[in-house]
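**Student:** Dropping the structure in here first, questions after.
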Amino acid sequence: MYDCRYDITYNDFNPTVLFVRKSKMIKDSRYHDHDFTEITFILSGKGQYCVNGDLCDVQAGDLIICNSGVFHRNIVVNPKEPTVEFFLGFSDFHFRDMPKDQIILKNGSYLLHTDTELRQSLSRHCYAMLAENETDQVGKYFMLKAHLMQFLLLLLRQEADPRPVQDGCHFDSHYKSYAVNQIVDYLDAHYNEKISLDRIAQNMYLSPVYVSKIFKEETGESPINYLIRIRLEKAKDMLAAPNPESIKKIANDVGYEDAYHFSKLFKKYYGVSPLHYKKKIS
């Protein structure tokens, strides 16, 4: 049964998303405040912020939290290498032990430095929100809200007092499982694109060696072998469909430019060439 003592929110966690956007810091902004909470996440570069009169240096992975009524402005440090910022505006929230519609950091500051894991997680939600904001898909607002809620909960977990670790539950194991799950989701969604181990690692902000190591530990196979298997399973389904496309077209559709290479892989996995499999099914 869920233990509500570990809940860090009030009964209804239902924030309102006001806006999400990305911007390059190419000039100093005016000194201003809002009647809502704004979080700025530094995606890349370095800069400075003046918040309620306090000047602070910021860099990639930093969060600046400006609650309602907090005056702030950004300051350009290097115009040739502008800071890239993600802005998130929201309201209608209330966290335990904090005033309504405010996020209070433990150190009393407006600035939070994130570690590698949190930075990766928050970055993924930032880019997911930006991508969603460009669509006209059904449920767009609620997808944005879902990402906002996860973003805020990750932030609050960072700030929460550490909980006792249960027997058999270790951070390393949890993080590896989470990272591998993200890799699997990425491969499932992008199997038809040009993908290499380096590209997977770059998307995860991890080294190729580490990605390969944890993926094999968790799944028993390498990321590339998993990708091959997914591609060939998709190809097999396409070949079994009524009036299937040509072998070359199917090879291209699952991410292989070379139909001969695709045919060799298919025969290695299934013991029959895609052409013979196509004839057999039809």
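**Student:** So what is the calculated 222 nm ellipticity per residue for the chain, using -39500 (n - 2.57) for each DSSP H run with n of 4 or more, over all residues, to the nearest 500 deg cm²/dmol?
**Tutor:** Helices in the chain give a 222 nm mean residue ellipticity of -14000 deg cm²/dmol.
**Student:** May I pose another question? How far, in degrees from 0 to 90, does helix 259-270 lean away from the longest principal axis of the Cα atoms of the chain, to the nearest 10?
**Tutor:** 80
**Student:** May I ask for the angle, rounded to the nearest 10°, between helix 140-159 and the longest principal axis of the chain, with both axes built from Cα atoms and the value confined to 0 to 90°?
**Tutor:** Result, in degrees: 60.
**Student:** Shifting gears a bit: Quick one: which of LYS194/LYS280; LYS140/LYS194; LYS234/LYS278; LYS46/LYS80; LYS236/LYS268; LYS24/LYS145 span more than 18 angstrom between C-alpha atoms?
**Tutor:** LYS194/LYS280; LYS140/LYS194; LYS24/LYS145
**Student:** Let me ask another. Step by step: find N for region 212-282, compute 2.2 N^0.38 Å, then divide the Cα radius of gyration by it. What's the final number?
**Tutor:** Working: Rg = 13.1 Å, N = 71, 2.2 N^0.38 = 11.1 Å.
This ratio for region 212-282 stands at 1.18.
**Student:** A further question on this structure: Can you give the accessible area per residue of the chain, in Å², using a 1.4 Å probe?
**Tutor:** 58
**Student:** Also: Using C-alpha positions alone, give me the convex hull volume of region 8-162 per residue in cubic angstrom. Mind dumping the intermediate values first?
**Tutor:** Values: hull volume 17.7 nm³, N = 155.
With only Cα atoms used, region 8-162 gives 114 Å³ per residue.
**Student:** Projecting each Cα onto the charge dipole of region 1-148 (Lys/Arg +1, Asp/Glu -1 at the beta carbon, about the Cα centre), which of MET129, ILE26, ASN67 comes out farthest on the positive side?
**Tutor:** The Cα lying farthest towards the positive end belongs to ILE26.
**Student:** Which is the longest part of the chain that has none of the trypsin sites (Lys or Arg not before Pro) sitting in a DSSP loop with at most 16 other Cβ atoms within 10 Å? Please report the intermediate quantities before stating the final value.
**Tutor:** Numbers: sites that count: LYS27, ARG30, LYS80, ARG96, LYS100, LYS106, LYS194.
In the chain, the maximal stretch lacking such sites is 195-282.
**Student:** What are the semi-axes of the equivalent ellipsoid of the chain, taken as the square roots of 5 times the eigenvalues of the Cα gyration tensor, listed largest first and rounded to whole Å?
**Tutor:** Each semi-axis is √(5λ); the values are 44, 22, 19 Å.
**Student:** Output the 0 to 90 degree angle, nearest 10, between the alpha-carbon long axis of helix 208-219 and the longest principal axis computed from the alpha carbons of the chain.
**Tutor:** Here the helix axis deviates by roughly 70 degrees.
**Student:** Follow-up question, since we're still on this one. Give me the percent of the accessible area of region 129-282 that comes from carbon and sulfur atoms, probe 1.4 Å, all protein chains in place.
**Tutor:** On region 129-282, the fraction of accessible area on carbon and sulfur atoms equals 53 percent.
The values are calculated or read from the model by the stated rules, or taken from the named source; none is laboratory data. Just so it is clear, the structure is predicted and the values come from calculations on it, not from any experiment. Cβ sites come from the backbone with ideal geometry, for glycine too, and all protein chains shown count toward neighbours. Accessible surface is based on the protein model in full, side chains and every heavy atom, while ligands, DNA and RNA are left aside. Shrake-Rupley method; radii C 1.70, N 1.55, O 1.52, S 1.80 Å.
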